[in-house]
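All remarks here apply to the structure that follows.
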Amino acid sequence: MLADICTRCLTAKTSPQKGRISLTFTEMARSLAGFLVLVLVVSICEGASLFQPISDSHRSAALELFTLDHGSFESLEETYEALRTFQILGMEKKPDVTAAACRSISETVGSSSSTPKDLFYALKANSIAECKIHEKASKGIISSLNAAVRGASSLLDFYYSVGGLVLIKDQNSKDDIHLVDAEGVFRSVKAFSQSDGRWRYSSNNPESSAFAAGIALETLAGIVSLASSELDQSLINTLKNDISKLFDSIEKYDDGTLYFNDKLVDGHEYQGPLSTTSSVLRGLTAFAAVTTGNLNLPGDKILGLAKFFLGIGVPGDAKDFFYQIDALACLESNRVPIPLILSLPSTVLSLTKKDSLKVRVTTVFGSNAPPLAVKLVGAFSSRSKDASLVEIQELKFDQVSGLHILNDLPESIDVGSYTFVFEVVLQEAEDEMVYVTGSQTKVSIFVTGLIKIENSEIVILDNDLGSIESQKKLDLAGKNAASLLANHLQKLRLSFQLTTPRGHAFKPHQAFLKLRHESEVEHIFVVGNSGKQFELVLNFLGLVEKFFYLSGKYDMELTVGDAAMENSLLVAIGHIELDLPEAPEKAPRPPPQPVDPYSRYGPKAEITHIFRAPEKRPPQELSLAFLGLTILPLLGFLIGLVRLGVNMKNFPTKPVPATFGVLFHLGIGAVLLLYVFFWLKLDLFQTLKMLGFLGVFLVFVGHGVLSHLAAASAKLKSA
């Protein structure tokens, strides 16, 4: 688990900036285990970097990053990147997008409005999907791309048009495709080059770019393959010289990682280190495939580029993921020396378990390496980096596991942090022309073990004579319940010895004693050491102010911990009753203890409440009598209406006024019904809100009815 944490730390580079561990110390140190994990990660990850080849985690990430949108990818460019990634990783379980890709490819190659860029990515995707392109469409593409080459004015124009011709030549063996003036086109593209090996995108843009250099190399490789006759060798030699100049500007880390980067000049054209380095590698391998002779690139630089892409880990973006996988595929294409990567299944070894040192050497994709030997040529301690602790020795190769193994660690290797130096030597001379191993590889190794704890005791001493007042032996590996008494004129001495599995003195990262008073006031004291002996002496006479003159019971807790210590401990060793003098008037007071957030913001105590018994209700007969009295006014109102002779004679007869009259009476009924619901169910706010809407409605329809009645009354008076 610890090795996995360190590996994640070492491979967490998503940009050319070196990864930094950003952990909150107080959060990690809340427990001893958390603190030790922090120490171990920092101590291992700050050493020499370790690079792991492509694994199944990349295959899982590919399925998550390249997701379909309604059964297809958004563009042919994304389709090609997904198909190419799946192809390189050899994935059997992958989305089936062949049918959708072929439809999109057919539409693109059959459209007269398709640009050279559209045709380029359509043919790129078709190189993997292998869709059938009609002969008529193929000839139209060739004619269109040839015209684009003749009219090209920028580097990208040449890149898409020449690249498209190369692709259709590879996919269609019937047509003899070549450039009429290949040397002239070569010189036109070469005109964009700069003296430092970088290239411009166009003659109007004075800024040069390493990303553009990769595009240019790939374009020139296509021109060479499309030439009907061999080009002038001086042009090829000049281009090889430009490649050497480009590699002179390569940037690097201290661990040997190399990459190309562009200055941020134009945000539209700027590419990051990942895409820039991938572009250069893609162009380099394409050019190496069509030319004869060696490019004379140092093997260490090829290996450094491989470390850059492997050091990224698993990118979180689909395009960055493609750049990484495609670049690593270029490194394993045998067009440049194939880098061999040395990796370790585990960088944490236990002396207690007698772990063996295991080393694996593979290509960047984890393929088997040729016959070779792995030698351990040096081991340096973090405390002494000048002299090696081991002699040169060769690891034994296991045919079954494919690992190079050193079964027993040398006696000079004890618990702690080390830098092991390995050297990979190819056994066959002809393999040295194909593979590159680098000079030496440094790997951080962390060795752990059980630390022997001996002669543990806690003693109360007389302050004047130094004689032992009381003494308790401690078993720090088990339970302790020491009970001590002391006053301000005495001393407390805690002592123990720590020894490594090799018998050497061991100094842990932390060793301290904590005293906790009954009032929760804590005091922490660091335990010093001299060789194997650890000792802490507390003179209570000089500590009375630090203890705030608080007498009483103090619980004692000892902490001894280190990343290399498999038996780190956090153990209660008992308590001590201190009898301190009374505090003077101006003596310092104990600081207020922090409030527990849980008690402050956590759930409060449940409140229990007993309601008083309900009042005794009146008899049912009295309630019914009161109900009758409340209904009497309504009956009086109805009788009054009858006595007044209320009738429907003046109710409007015309359709519109009659409608207003009906709606007005329905509105009045709705208001009365709302009052009933108010008494039964609704609250005051709900009732007022609904009454507001009904009031507006009644004003509108009531105004219509009253207007009609007023007009009718005016007609009768005039008549």
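For this structure, a couple of remarks:
- Residue in the range 133-145 that is of a type in the set (A, V, I, L, M), open to solvent by less than 20 Å² (accessible area, probe 1.4 Å) and more than 40 Å from the chain's Cα centre (by Cα) present: yes
- Only one entry of 232, 181 meets the criterion of being within 24 Å of residue 296 (Cβ to Cβ), charged (D, E, K, R) and out of contact with any His (no Cβ under 8 Å at 6 or more places or on another chain), and that entry is 232.
- Whenever a residue of the range 130-152 is among the hydroxyl-bearing types (Ser, Thr, Tyr), its partners that are open to solvent by less than 60 Å² (accessible area, probe 1.4 Å), lying with C-beta atoms within less than 6 angstrom and at least six residues away or across chains, give the pairs 138/172.
- Number of positions in the range 472-486 that are open to solvent by 50 Å² or more (accessible area, probe 1.4 Å) and part of a strand (DSSP E or B): 4
- Count - residues of the range 209-225 that are out of contact with any strand residue (DSSP E or B) (no Cβ under 7 Å at 6 or more places or on another chain) and either more than 12 Å from residue 185 (Cβ to Cβ) or not aliphatic (A, V, I, L, M) (or both): 10
- Taking the conditions (1) more than 23 Å from residue 149 (Cβ to Cβ); (2) open to solvent by less than 30 Å² (accessible area, probe 1.4 Å) in turn, residue 248 satisfies each one other than (2).
- Against the test of being within 26 Å of residue 275 (Cβ to Cβ), open to solvent by less than 20 Å² (accessible area, probe 1.4 Å) and of a type in the set (Gly, Ala, Ser), the options 191, 221, 148 yield a single qualifying residue, 221.
- Scanning the range 96-127 for residues that are among the aliphatic types (A, V, I, L, M) and open to solvent by 40 Å² or more (accessible area, probe 1.4 Å) returns a single hit, 99.
- Here residue 585 clears all of (1) open to solvent by 100 Å² or more (accessible area, probe 1.4 Å); (2) among the acidic types (Asp, Glu); (3) under 55 Å from the mean Cα position of the chain (by Cα) except the condition numbered (3).
- Count of residues meeting criterion [modelled with pLDDT under 95 and either exposed (fewer than 14 other Cβ atoms within 10 Å of the Cβ) or in a loop (DSSP other than H, G, I, E, B) (or both)] in the range 428-456: 11
- Residue count for the range 374-423, restricted to those that are surrounded by 11 or more Cβ atoms within 10 Å (Cβ to Cβ) and in a loop (DSSP other than H, G, I, E, B): 16
- Yes/no for residue 77 being open to solvent by less than 70 Å² (accessible area, probe 1.4 Å), of a type in the set (Asp, Glu) and at pLDDT 90 or above: yes
- Residue that is in contact with a Gly (Cβ under 9 Å, 6 or more places away or on another chain) and either closer than 24 Å to residue 407 by Cβ or free of Cβ contacts under 8 Å to residues at least 12 places away in the same chain (or both), where the choices are 373, 379, 369: 369
- Taken residue by residue, the range 491-503 has no member that is hydroxyl-bearing (Ser, Thr, Tyr) and farther than 30 Å from residue 411 by Cβ.
- Identity of the residue in the range 516-551, over 21 Å from residue 463 (Cα atoms) and either among the hydroxyl-bearing types (Ser, Thr, Tyr) or in contact with a Gly (Cβ under 7 Å, 6 or more places away or on another chain) (or both), that ends up modelled with the highest pLDDT: 517
- For residue 503, the criteria (1) under 25 Å from residue 549 (Cβ atoms); (2) surrounded by fewer than 17 Cβ atoms within 10 Å (Cβ to Cβ) hold in every case but one, which is (1).
- In the range 529-563, of all residues being hydroxyl-bearing (Ser, Thr, Tyr) and closer than 27 Å to residue 506 by Cβ, the one that is least open to solvent (accessible area, probe 1.4 Å) corresponds to 559.
- Taking first residues from the range 422-437 that are more than 24 Å from residue 389 (Cα to Cα) and β-branched (Val, Ile, Thr) and partners that are assigned to a helix (DSSP H, G or I) and modelled with pLDDT under 95, the Cβ contacts under 6 Å between residues at least 6 apart in sequence or on separate chains come to 436/299; 436/302; 436/303.
Residues are listed down the side, and each one gets a yes or a no for (1) farther than 25 Å from residue 256 by Cα; (2) at pLDDT below 90:
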residue	(1), (2)
33	yes, yes
40	no, yes
46	no, yes
50	no, yes
73	yes, no
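- Close pairs from the range 438-466: first among the acidic types (Asp, Glu), partner open to solvent by less than 50 Å² (accessible area, probe 1.4 Å) and in a strand (DSSP E or B), Cβ under 9 Å, at least 6 apart: 454/496; 454/497; 454/498; 454/499; 457/494; 457/495; 457/496; 462/490
- Residues located in the range 564-582, provided they are part of a strand (DSSP E or B) and either of a type in the set (Asp, Glu) or open to solvent by less than 40 Å² (accessible area, probe 1.4 Å) (or both): 565, 569, 571, 573, 574, 576, 577, 578, 579
- Matching residues in the range 489-500 - criterion: being outside any strand (DSSP E or B) and either open to solvent by less than 50 Å² (accessible area, probe 1.4 Å) or touching a Ser or Thr at 6+ places or on another chain (Cβ under 9 Å) (or both): 500
- Only one of the numbered conditions (1) touching a residue at least 40 places away in the same chain (Cβ under 8 Å); (2) open to solvent by less than 60 Å² (accessible area, probe 1.4 Å); (3) within 40 Å of the chain's Cα centre (by Cα) is not met by residue 523, and that is (1).
- Test: residue in the range 296-307 that is closer than 18 Å to residue 444 by Cβ, acidic (Asp, Glu) and more than 29 Å from the chain's Cα centre (by Cα): no
- Filtered by the rule that a residue be without any contact (Cβ under 8 Å) to a residue 60 or more places away in the chain and of a type in the set (S, T, N, Q), the range 617-655 gives 620, 623, 630, 647, 653.
The values are calculated or read from the model by the stated rules, or taken from the named source; none is laboratory data. If you're wondering where the values come from, they're calculated on a predicted model, not measured in any experiment. Ideal geometry is used to build each Cβ from the backbone, glycine not excepted, and the neighbour counts take in all protein chains shown. The accessibility values were calculated without ligands, DNA or RNA, using every heavy atom of the protein model including side chains. Shrake-Rupley method; radii C 1.70, N 1.55, O 1.52, S 1.80 Å.
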